[in-house]
Amino acid sequence: MRNLEAAAVPVAARFTGHVTGEIESEVIGLFDQHRHRLLRYILSLGLSRQDGEEITQEVFLQLFRHLRLGRPRDNLQGWIFRVGHNLALKQRRLRQRAPLWADTPEQSSAPAAGPETAAADAERRRHLLAAVGALSPRDRRCLALRAEGLHYREIGRVLGISVGSVSNSLARTVGRLMHIYSSAECPRPSYPGSGPIVRAISGARPSPTENPSCV
């Protein structure tokens, strides 16, 4: 199985001879821009990396066909995540696997933490993972999509729920996770922002200029 880093090559090859170079370039550019975020979200739904990579490639092949047929191109980010979401749920039903949260820390330029700090970070992540695992499927998916940078309206379209429901879900979820994140029993990590859960906590709350009712 090809890894995702090499996936642009077979995707591009399958486009050859089907449509103009403009659409090829656009889809490959969107693939490069969104593939890692989409893969993280798919993995958070409980699929294997192999399934996730195959679904990611299928999403962009469907995007190519969508654009080739001249269909609407507004909010393609939301379209990409909605199609990926639906394909992942279909595959998960076939595999009958429980949803997981893929808490893979991101690369950090900070110095390596000492043993005590590393142990505290691991304990904190354990508590956060337990809290995320206790969320309802809808709350968990809202959080995962927000962690990947989708706006409230985009999340609503992916999941088929209202913007108000997205806002309420994230407010409820972030309140719970922030309590754990800032508690004395789970010290803050030596490098804030590592991993999708912490990224979700930071990203789920609207910025001072963002209104959940219109994003």
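Values quoted throughout were computed directly from the atomic coordinates according to the rules given, and no laboratory measurement underlies them. Computed from a prediction, not measured in an experiment: that's the story for all the values here. No Cβ is skipped: glycine too gets one built from the backbone with ideal geometry, and neighbour counts run over all protein chains shown.
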Sort Ile23, Ile42, Ile55 so that the residue with the fewest other Cβ atoms within 10 Å of its own Cβ comes first and the one with the most comes last. Ile23, Ile55, Ile42
Which ³J(HN,Hα) values, rounded to whole Hz and listed in residue order, are derived for segment 33-43 from phi using the Karplus coefficients 6.51, -1.76 and 1.60 in 6.51 cos²θ - 1.76 cosθ + 1.60 with θ = phi - 60°, glycine and proline given as x? 6, 10, 4, 5, 5, 5, 4, 4, 5, 4, 5
Note, ³J(HN,Hα) from phi for segment 45-50, Karplus 6.51, -1.76, 1.60, rounded to Hz, x at Gly and Pro: 8, x, 8, 6, 4, 4
Please give the contour-minus-distance gain from Ser162 to Ile23: 0.36 nm per residue of separation, less the Cα-Cα distance, rounded to one decimal in nm. 46.9 nm
Whole-Hz Karplus ³J(HN,Hα) for segment 161-172, in order, using 6.51 cos²θ - 1.76 cosθ + 1.60 and θ = phi - 60°, x for Gly and Pro? 10, 6, 4, x, 5, 4, 4, 5, 4, 5, 4, 5
Segment Arg49-His36, extension gain: residue separation times 0.36 nm, minus the distance between their alpha carbons: 3.5 nm
